[in-house]
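What follows is one structure encoded as structure tokens, with my remarks underneath.
No value in this document is a laboratory result; all are computed from the given coordinates. All figures in this text were calculated on a predicted structure; none of them were measured in a lab. Please note: Cβ atoms are built from the backbone with ideal geometry, for glycine as well, and neighbour counts cover all protein chains shown.
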Amino acid sequence: MTEELKKILENAVGKIAGDLGKEIPDGFIVRLERPRQTGHGDWATNIAMQLAKPFGLKPRELADRIIAEIPFGQTVEKAEAAGPGFINFTLASDWITETVRNAISKDKDYGRVDSGKGRRVQVEFVSANPTGPLHMGHGRGAAVGDITASILDFAGWDVEREYYINDAGLQMELLGRSAQSRYFDALGRGEEAPMPEDGYHGDYMTEIAASFVDKYGDSLAQKPLEETVEFFSVETGRIIIEMIRKDLEEFGVTFDVWFSEKSLYDNGQVEPAMEELKKRDFAYEEDGALWFRSTLFGDDKDRVLIRTNGVPTYFTSDVAYLKNKYDRNFEKLIYVWGADHHGYVPRLKSVNKAFGHPDDAVDVLLIQMVNLLRDGKPVQMSKRAGTIITLREIMDEVGVDATRFFFVMRRCDSTLDFDLELAKKATSENPVFYVQYAHARICSIYRELEERGIALPSIDEFDVSLITDQTEINLAKAISKLPEEVEKAADEFAPHRIAYYATELAEAFHSFYNSQRILGVDEPLMKTRILLMEAARIALKNVLVILGVSAPEKM
RNA sequence: GCGCCUGUAGCUCAGCCGGAUAGAGCAACUGCCUUCUAAGCAGUGGGCCGGGGGUUCGAGUCCCUUCAGGCGCGCCA
């Protein structure tokens, strides 16, 4: 629909350029936008303002000349110059028929676009250390990552979701010693293996230790402590990862790949990555350590890759991991990180450049903090005091649907107030219910139709001439926006756009529903409205699928 | 000290690559159920887009500066 309009405008502009003997500037493209004001028609363009100077005309004058070249009829019903030089278009009502036909025939695929062109993209998210349960912040990252991935999939990308398990390094050893200590506690021999200074104290550690006792009795206490640390570390990590995996699965998030940091070392992928940096002269040895020349990329000092004592830093793994990702032929890499890691972004980008990859192949989504509100007051959380709120607690309290929706309701780079009371409310104040309710209402009408023995009409029975009410037109317009919203959300990695769009779509439906009846009107009109409603149901359903929120048939 | 994020209606936030009279939701107020789900709809009021400068036909949007809040600046992860 907009493609045709663009073509019409390109032709018009071309003809005028010819008449004037002027050139169209390089890189010029016709852009169409949705006017903010409904009174300004369906679409608008600012080409007259853009071309005024090169054409040597006043914007309004040029706008009038462009309009004079437009063939009215099939596509465009009305075009008028407005404001400083906009051209506003009202489309012929065909677009409504097209929208309804399109939605119903594509059904589950309605809203899919192909801006991704089948390119491979990896979204790596959550990637929490396997040292404890996921908390709120991880939850937001999980929702943002998962929904971003869904959006990209809908936009025609070939998407892989990946969880990077930080199972190498000192944290894991600390975890092992903590588990070991709890294990001895469980045997009543706590003094033999004291809890390390910064050990993991959570209740889950006690439970894990108990499971070791169940499984191994006191056999693990027979050997010297140092000999079993590794075992405790690996096994505890495995148990916690499984716990995390279950929580995420219940949260509606599943990964294609669980990638172990340790495997980079076990499979010898770290050394070659370091060698490549050295070969390209981005790494050098000094003072017994291996350094990355981050100063070449504006960092204030070079950064250590391999410490003097021979132990690699986390940065080392990340270099190897980045290389590994490219080896798997991804064209685009998306990292979802907590905003507290933002200082690390330039370093990752630097490595990316050092390897000779385009800068925009890597995108890092920084997720700001979540403030949990109960009774309108922030809930104080402290790791030290053990008062961390876990993702599981939130899911259990407010449900998966509301949790997911709330986590993507705001732009990622803005801190999020998560109001527990609001998330649980079953009123229109709560956007999740508002959207789901629209879907349930439609399904309710279907039940009524079934009872009255009325079948879903065929698309050919849609009669656009019967669509006269503004709420009907607004609903059709909202439905027609799904593909463009998906494209924009994918383009910007902005899942919140879809949450906003979902609300807008639901609003258009509720408004229509309240003002017009479906049953009890003349049959042709009833059929036309049923088809419009069916298109709305499909759009709502697909949007909820993208968000990973259920679409209830009854509420 | 340096860097990143944020600052828009009473509250929570949208605002796309600079465009028209800055938008939602909530809260407040007024209406709407004998008919498909009122968990809904319609309407009203509410603004120095943190402040100051600049860029230009045009700035909430871009640049500089300043103020306020948050978060980072290890051979920790």
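Observations on the model:
- Extension gain for the segment A:R34 to A:K215, taken as residue separation times 0.36 nm less the Cα-Cα distance, is 58.8 nm to one decimal.
- For A:D198 and A:D266, a Förster radius of 30 Å and the Cβ-Cβ distance give a FRET efficiency of 0.70, rounded to the nearest 0.05.
- The range A:231-285 and the range A:1-48 have Cα centres separated by 50 Å.
- With R₀ set to 45 Å, the beta-carbon distance separating A:T2 from A:D375 gives a calculated FRET efficiency near 0.40.
- Within the range A:145-241, the GluC sites (Glu not before Pro) that combine a DSSP coil assignment with at most 15 other C-beta atoms in a 10 angstrom radius are A:E197.
- Crossing angle, helix A:59-68 versus chain A [Cα axis fit, 0-90 degrees, rounded to tens]: 60
- Per the Debye formula on identical point scatterers at the alpha carbon atoms of the range A:383-527, with no solvent, log10 I(q)/I(0) at q = 0.13, 0.16, 0.17, 0.22 Å⁻¹ is -0.75, -1.00, -1.07, -1.39.
- By DSSP, the beta bridges lying fully in the range A:50-162 are antiparallel in about 55 percent of cases.
- Two-decimal Rg/Rh across the range A:445-527, once Rg and the Kirkwood Rh are taken from alpha-carbon atoms: 1.06
- Distance distribution note for the range A:170-250: the fraction of Cα pairs above 15 angstrom is 52%.
- Once the chain from A:L456 to A:R238 is taken as fully extended at 0.36 nm per residue, the excess over their C-alpha distance is 73.3 nm.
- Across the range A:524-537, coupling constants 3J(HN,Hα) worked out from phi with the 6.51/-1.76/1.60 Karplus curve, θ = phi - 60°, read x, 5, 4, 4, 4, 5, 4, 5, 4, 5, 5, 4, 5, 4 Hz, and Gly and Pro carry x.
- DSSP bridge pairs, chain A: antiparallel proportion in percent, nearest 5: 50
- Given +1 at the Cβ of Lys and Arg, -1 at the Cβ of Asp and Glu and no other charges, the dipole of the range A:170-250 around its Cα centre is 160 debye to the nearest 20.
- For A:F259, residues with placed amide H under 5 Å, excluding near neighbours: A:Y163, A:Y164, A:I165
- Amide H within-cut-off set for A:L305, under 5 Å, with H built and near neighbours excluded: A:L290, A:W291, A:F292
- Distance distribution note for the range A:505-555: the fraction of Cα pairs above 13 angstrom is 64%.
- Extent along principal axes [Cα atoms of the range A:35-127; Å; largest to smallest]: 55, 35, 23
- Working note: Karplus 6.51/-1.76/1.60 with θ = phi - 60° gives the range A:165-179 the couplings 8, 7, 10, 10, x, 5, 4, 5, 5, 4, 4, x, 5, 5, 5 Hz, where Gly and Pro are set to x.
- For A:V362, nonlocal amide neighbours, meaning residues 5 or more places apart or on other chains whose placed amide H falls under 5 Å from its own, are A:L333.
- q = 0.07, 0.09, 0.13 Å⁻¹, chain A: log10 I(q)/I(0) [Debye, one scatterer per Cα]: -0.56, -0.85, -1.30
- Calculated FRET value between A:D469 and A:D114, using beta carbons and R₀ = 41 Å, to 0.05: 0.75
- Alpha-carbon centroid distance for the pair the range A:49-123 / the range A:131-188, whole angstrom: 45
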